[in-house]
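Participant: Right, I'll just put the structure down here and ask away after.
The values are calculated or read from the model by the stated rules, or taken from the named source; none is laboratory data. The structure displayed is predicted, hence computed values, not measured ones. When we count neighbours, we look across all protein chains shown, and the Cβ atoms used for this are built from the backbone with ideal geometry, even at glycine. Only protein heavy atoms, including side chains, enter the accessible area calculation; ligands, DNA and RNA are left aside. Shrake-Rupley method; radii C 1.70, N 1.55, O 1.52, S 1.80 Å.
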Amino acid sequence: MLAVLVLLHAYIWWRFVAAPGWPAPWTAIATIAIAMLVPCLPIAMFVVRRMPRAHAKPLLWTTYMWFGCAIYLWLWAALTHVACAAASVSPRDAAVVGIAATVATLAYGLVQARRGPVVRRVRVPLAKLPAAAEPYTIVQLTDVHIGWTLGAEFCARVVERVNALAPDLIVLTGDLVDGSVRELAPHVEPLRDLRARDGVYAVTGNHEYYWNVDAWLAHLGSLGIRYLRNEHVAIRGAFQLAGVDDSTSAAFGNGHGEDVPRAVAGCDRARPIVLLAHHPSSIARATAADVDLQLSGHTHGGQMLPHGWLARLFEPHVAGLARFGATWLYVSEGTGFWGPPLRVGTSCEIAAIELVHG
């Protein structure tokens, strides 16, 4: 990681500081600043785990913001580098354009992230859904990432938006928290007010396992959220709701680990099976188990372009609704964000999924 960060910053320095040949003392000042910022992300990630949330928040906001800035400085440096090679553009003019474009991209990304989640409505036809049960609305929250940068205020706004939709069912598909129960219990308290006719169900994501997952399962259970751990429940005779542990969780032991066959064992096959699985890659096991619909998150839709293109190298689907054989897969872009408080080319979302007979 340090090697990647050094190379990233070295390229930024070359294109925006060395090549333009700024007059003194700006070249020296920019060089020192970039050199000091190279290790700030790994240092901050190490230090904040030993700091109270109130003290860690401003440090992480600054660090994450610079990380997002560095990504787009690098991207625009590469694009303007190509422009310099293809046309008679001076390095200084290219640097000015690249810096201006980075500022504009960051401003747009900040606005997108700060406006909060939008409601994204999705209609999914399921042949086995009883006609009397339609339309059935599931509201999906995922990748909320309540932690150092997002807290109780954001959580309360999300709960208010969800309840206003009057859903039949609410599901949370992982990465709800980034921190310990001791630090974040007051910040997830608004989740107690989530209201749906058929309850609130959840599965774990990979981030819960970084913060004593068993303590979180117990605490969130006390707020009225039922976790499905490789098991299923019948929802009012309309469909079977199954849920699995995060696909990476077996490495953490203590009985954790994804098991799709176990989750759907004994399901009423005359009714649709809706599977909650944090990683979209679980679709391979879902199709083999004849699941009708899988709801996932994890990718954030890439959160900041062009990360979504890179995510396609690791996940079968990054955002939106897709079909894999006889199984539908919906991947949410995430309700919150992780890392840089930016959304470029994506949105924070609350997914309102309408199941219909068809």
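Participant: Let me confirm something: among Gly68, Gly109, Gly98, which residue is of a type in the set (Gly, Ala, Ser) and more than 19 Å from Ala10 (Cα to Cα)? So that I can check it myself, show each step before the final result.
Facilitator: Working: Gly68 fails: more than 19 Å from Ala10 (Cα to Cα); Gly98 fails: more than 19 Å from Ala10 (Cα to Cα).
When all the criteria are applied, what remains is Gly109.
Participant: While we're here: Under 7 Å by Cβ, and 6 or more places apart or on different chains, what pairs join a residue from the range 100-122 that is in contact (Cβ under 8 Å) with a residue 60 or more places away in the chain and under 30 Å from Val139 (Cα atoms) with one that is acidic (Asp, Glu) and buried (at least 18 other Cβ atoms within 10 Å of the Cβ)?
Facilitator: Pro117/Glu349; Val118/Glu349; Arg120/Glu349
Participant: Can you report the number of residues in the range 321-332 which are without any contact (Cβ under 8 Å) to a residue 60 or more places away in the chain and on the phi < 0 side of the Ramachandran plot? It would help to see each step written out before you state the result.
Facilitator: The first filter runs over the range 321-332 and keeps only residues without any contact (Cβ under 8 Å) to a residue 60 or more places away in the chain, leaving 322-327, 329, 331.
Now drop any that are not on the phi < 0 side of the Ramachandran plot, which leaves 322-324, 326-327, 329, 331.
Going through the range 321-332 one residue at a time, the tally reaches 7.
Participant: On to the next question. Is it fair to say Arg262 is open to solvent by 10 Å² or more (accessible area, probe 1.4 Å) and touching a residue at least 40 places away in the same chain (Cβ under 8 Å)?
Facilitator: Numbers: open to solvent by 10 Å² or more (accessible area, probe 1.4 Å): yes; touching a residue at least 40 places away in the same chain (Cβ under 8 Å): no.
Spelling it out, it is not the case that Arg262 is open to solvent by 10 Å² or more (accessible area, probe 1.4 Å) and touching a residue at least 40 places away in the same chain (Cβ under 8 Å).
Participant: Pick from Gly147, Gly116, Gly98: which is open to solvent by less than 50 Å² (accessible area, probe 1.4 Å) and within 28 Å of Ala322 (Cα to Cα)? Steps first, answer last, please.
Facilitator: Values: Gly147 fails: within 28 Å of Ala322 (Cα to Cα); Gly98 fails: within 28 Å of Ala322 (Cα to Cα).
It is Gly116.
Participant: Within the range 152-171, track down each residue that is in contact (Cβ under 8 Å) with a residue 40 or more places away in the chain, open to solvent by less than 40 Å² (accessible area, probe 1.4 Å) and under 19 Å from Ala185 (Cα atoms).
Facilitator: Matches in the range 152-171: Phe154, Val158.
Participant: Mind checking which helices (runs of 4 or more DSSP H) fall wholly inside the range 252-345 and carry at least 3 residues that are modelled with pLDDT of 95 or more?
Facilitator: 260-264, 283-288
Participant: Identify, please: which residue in the range 81-101 is in a helix (DSSP H, G or I) and not hydrophobic (A, V, I, L, M, F, W, C) and is, among those, nearest to the chain's Cα centre (by Cα)?
Facilitator: Narrowing the range 81-101 to residues in a helix (DSSP H, G or I): 81-86, 91-101.
Keeping just the survivors that are not hydrophobic (A, V, I, L, M, F, W, C) gives 81, 91-93, 98.
Numbers: His81: 32, Pro91: 37, Arg92: 37, Asp93: 36, Gly98: 28 Å.
Among those that are in a helix (DSSP H, G or I) and not hydrophobic (A, V, I, L, M, F, W, C), it is Gly98.
Residues checked against (1) in contact with an Asp or Glu (Cβ under 7 Å, 6 or more places away or on another chain); (2) touching a residue at least 24 places away in the same chain (Cβ under 8 Å); (3) within 22 Å of His207 (Cα to Cα):
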position	(1), (2), (3)
Asp268	no, yes, no
Arg271	no, yes, no
Gln294	no, yes, yes
Gly301	yes, yes, yes
Gly308	no, yes, yes
Ala311	no, no, yes
Ala319	yes, yes, yes
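Participant: Need at least 3 residues that are of a type in the set (Gly, Ala, Ser) and surrounded by fewer than 17 Cβ atoms within 10 Å (Cβ to Cβ) per element, so show me which helices (runs of 4 or more DSSP H) inside the range 1-80 make the cut, counting only ones lying wholly within it. Steps first, please.
Facilitator: Values: elements: 2-13, 26-37, 40-47.
Filter on the range 1-80 gives 26-37.
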